[in-house]
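Take a look at the structure set out below.
The values are calculated or read from the model by the stated rules, or taken from the named source; none is laboratory data. No experiment lies behind these values; they were computed from the predicted model shown. Cβ: placed from backbone, ideal geometry, glycine included. Neighbour counts: every protein chain shown. Protein only, heavy atoms only, side chains kept; ligands, DNA and RNA dropped before computing areas. Shrake-Rupley method; radii C 1.70, N 1.55, O 1.52, S 1.80 Å.
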Amino acid sequence: MKTKIIVDSTSDIPVSWIEKYDIDVVPLYVNWPDGSSEPDNVRDEESLKEFYERLSKAEELPKTSQPSILDFQNAYKRAIEDGYDSVLVLTISTKMSGTFNSARLAAESFDIPIEIVDTKMASSIISNMAKYARELLNSGMSLEEVAKKVREERENKRFHAIFFVSDFDFLAKGGRVSKFTGFVGNLLKIKVGIYINEEGEMIPFDKTRGYKKAYSMILSKMEEEGIKIGQKIGLIGIHCQWKRAY
């Protein structure tokens with residue numbers, strides 16, 4: 001069977017991977033305080049600069065909303081029209097968004113096989129999972145086998161999301177991360193380490209000052225999660241930096 005892989009825009013997928021691994025992207029929406037809304041499409045470097053420029057000038061942070069059922073229905077229709085026999089959807093964790101539910105409800109309108117996986121992850125790790133799924137499909141595994149394998153490997157900790165932020169308060173205000181007592185990220189040079197746990201929640205695990213110590217903090221957490229020094233791993237690095245206007 002010819003299978004289309006679909007991810008949502010929170011996957012931060014590298015633009016080159018969309019064609020290379022035959023992936024479609026369904027965007028979430030960015031809702032600005034002035035009432036305007038725009039799809040969170042995959043952006044090139046120049047578009048990202050424009051986005052963060054607008055973000056830096058906004059008096060209030062924008063909010064995001066999940067794709068609609070219609071958005072996913074349109075993605076499934078595109079796949080069918082392009083000759084695909086089945087669809088594999090990998091969504092952001094249900095602990096962070098209702099995107100999975102939109103994809104699931106949309107699938108009820110179609111007769112072709114559609115597997116929807118709650119990755120219990122976010123950001124570029126979803127892209128790594130999509131790459132892995134494509135490799136499994138290319139090896140001859142069926143859609144159902146691939147979906148099952150991806151879920152199993154997620155449970156077996158094949159995939160990890162470990163990072164740090166310099167402005168923890170924004171994540172806390174966005175409602176996608178638990179704000180534990182003592183984790184205050186708006187102090188000068190404080191870096192808060194965050195990981196995504198087995199349930200798909202973003203959890204702060206440590207804090208430190210300065211980038212050098214932050215990198216050491218990440219490496220220590222990787223070891224704690226079972227990633228051994230010297231072990232060969234696939235890694236995607238994400239970096240975002242912008243200046244707030246005061």
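Heavy-atom surface analysis with a 1.4 Å probe gives the chain a carbon and sulfur content of 49 percent of its accessible area. Under the criterion of Cα pairs below 8 Å and six or more residues apart, the relative contact order for the chain equals 18 percent. For the range 79-153, GluC sites (Glu not before Pro) are listed when DSSP marks them as loop and at most 16 other Cβ atoms sit within 10 Å of their Cβ; the list is 108.
Net charge dipole, the chain: roughly 1180 debye, given to the nearest 20, about the Cα centre with Cβ charges of +1 for Lys and Arg and -1 for Asp and Glu. Based on protein heavy atoms only, the chain ends up with 56 Å² per residue of surface accessible to a 1.4 Å probe.
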